[in-house]
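Reviewing the structure listed below.
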Amino acid sequence: MNRQTETENRRQGFVQAGLAVIDCDLHNRLPSLEMLYPYLPDYWCDYCEESGFPGPDANDYPSGVPLSIRPGLTLPSENRPASDLALLRGHALDVWDVEYGILTCAYRVQSVHNEDLAAALASAVNDWQIEHWLDREPRLRGSLIVPSQNPALAAREIERLGGHPGFVQVMLPARSQAPYGNRRYHPIYAAAVRHQLVVGIHYGGAPGLPPTSVGWPSTYLEEYVGMAQVFQAQVLSLVSEGAFDQFPDLRVVLIETGVTWMPSLMWRFDKEWRGLRGLTPWVKQPPSAYIRQHVRMTLQPIDAPPTAAELLQIVGQLDSEDLLMFSTDYPHWCFDSAEEAFPAGLPTSLARRILAENAREFYPKLR
């Protein structure tokens, strides 16, 4: 039985059990910088041509690494599946019979040092997403690309399109110039909350700073595995610096982060907070309480054996059935079978929450 047939059979089981599916991580990729020219002012088109600007410099998914794209997804006429809506429908939306699919465009304008150009590119990408994706497929919802290196410009972009019904979150890369709890990012959070948008922190990014606390790694393996440390730093910062106290309605999704590190982080964070809480009097609850209320995590790529027993153990350690949300991370190579994407044998109530209800409750615009 091939992978697609196996997935289709699994999805039929979901349908028969009355289980809806919301996919919280579907990548749509911009094929080329030139695709943005119709959405850019003439000045910036001329600038890009005359300067030889190739586009943002972030190589989160090296083309030669198997993790970057699943074998079997590429058709002879199309070597970039995530840039083609028809392929995304056939490979992800239709196969899983997705009710909503949230696009996570990883166009890293944060790596562009000319902040005005970064802002123009972000606006162009968002307009391109509307025309080529959101307007053409009613099941899709989008993530706003913003120049987060300049929060004022990022907030301006959120104000421009935050009211569009197709956008449900603001996209921030995990790697940043400063931890996201820093008050410099408050304009982004204020705008996101005002427009009922979730803040999605996604794997990768290219801010020009090392992805580890001790310098630059030598291999992609180190960077890939070590990205969990970056996510941990962001969670520590958001809670410790009081972002959730400042913005009680702020919601954060950690995308492509893995999930097994969170229980131990919550335990240690609570333990140390009890001894050091005098240093952060604005953190009025145990850190784990903030995480359970304000943070969610996408399922793929899950860093645990793909069995119901293992997933149940993780949910038990998290002490909550609300934190995990289904994702396929299309078109990346996270799993070889539907069983590995979402294990059979989970209690129906938990399966229902992970497959759709957690996302529906967390994203105000999906209700």
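The values are calculated or read from the model by the stated rules, or taken from the named source; none is laboratory data. These figures come from a predicted structure and were not determined experimentally. With ideal geometry, Cβ positions are generated from the backbone for all residues, glycine too; neighbour counts draw on all protein chains shown.
What number of residues within the stretch 212-232 are of a type in the set (A, V, I, L, M, F, W, C) and either farther than 20 Å from Leu323 by Cβ or surrounded by fewer than 18 Cβ atoms within 10 Å (Cβ to Cβ) (or both)?
Kept after step one, since they are of a type in the set (A, V, I, L, M, F, W, C), are these residues of the stretch 212-232: 214, 216, 221, 225, 227-228, 230-231.
Retained after the next criterion (residues that are either farther than 20 Å from Leu323 by Cβ or surrounded by fewer than 18 Cβ atoms within 10 Å (Cβ to Cβ) (or both)): 214, 216, 221, 225.
Of the residues in that region, 4 qualify.
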Selection from the stretch 100-131 of residues that are over 25 Å from Ala155 (Cβ atoms) and over 18 Å from the mean Cα position of the chain (by Cα): none
Of everything in the stretch 24-39 that's of a type in the set (Ser, Thr, Tyr) and modelled with pLDDT of 90 or more, which residue is surrounded by the most Cβ atoms within 10 Å (Cβ to Cβ)? Tyr39
Name every residue in the stretch 255-293 that is under 21 Å from Asp25 (Cβ atoms), surrounded by 21 or more Cβ atoms within 10 Å (Cβ to Cβ) and either of a type outside the set (D, E, K, R) or modelled with pLDDT of 95 or more (or both), in order of residue number. Ile255, Thr257, Val259, Met262, Ile291
First in the stretch 166-192 and under 18 Å from Arg156 (Cα atoms), second anywhere and among the basic types (Lys, Arg) and part of a helix (DSSP H, G or I), Cβ under 6 Å, 6 or more apart: Val168/Lys365
Among the residues of the stretch 103-122, is any under 22 Å from Val21 (Cβ atoms) and of a type in the set (Phe, Trp, Tyr)? no
I'd like the full set of residues that are touching a helix residue (DSSP H, G or I) at 6+ places or on another chain (Cβ under 8 Å), of a type in the set (Asp, Glu) and within 26 Å of Leu85 (Cβ to Cβ), limited to the stretch 316-367. Asp336
What is the number of the single condition among (1) farther than 28 Å from Arg360 by Cβ; (2) touching a Cys at 6+ places or on another chain (Cβ under 8 Å) that Met171 does not meet? (1)
What is the one condition in (1) modelled with pLDDT of 95 or more; (2) farther than 28 Å from Arg29 by Cβ that Met325 does not satisfy? (2)
I'm trying to understand the selection: among the residues of the stretch 79-123, which are assigned to a helix (DSSP H, G or I) and hydroxyl-bearing (Ser, Thr, Tyr)? Ser83, Ser111, Ser123
Would you confirm whether any residue within the stretch 306-319 is aliphatic (A, V, I, L, M) and part of a loop (DSSP other than H, G, I, E, B)? no
Report yes if Pro331 is farther than 30 Å from Gly163 by Cα and touching a His at 6+ places or on another chain (Cβ under 8 Å), otherwise no. no
So Ala58, is it buried (at least 19 other Cβ atoms within 10 Å of the Cβ), modelled with pLDDT under 85 and outside any loop (DSSP other than H, G, I, E, B): no
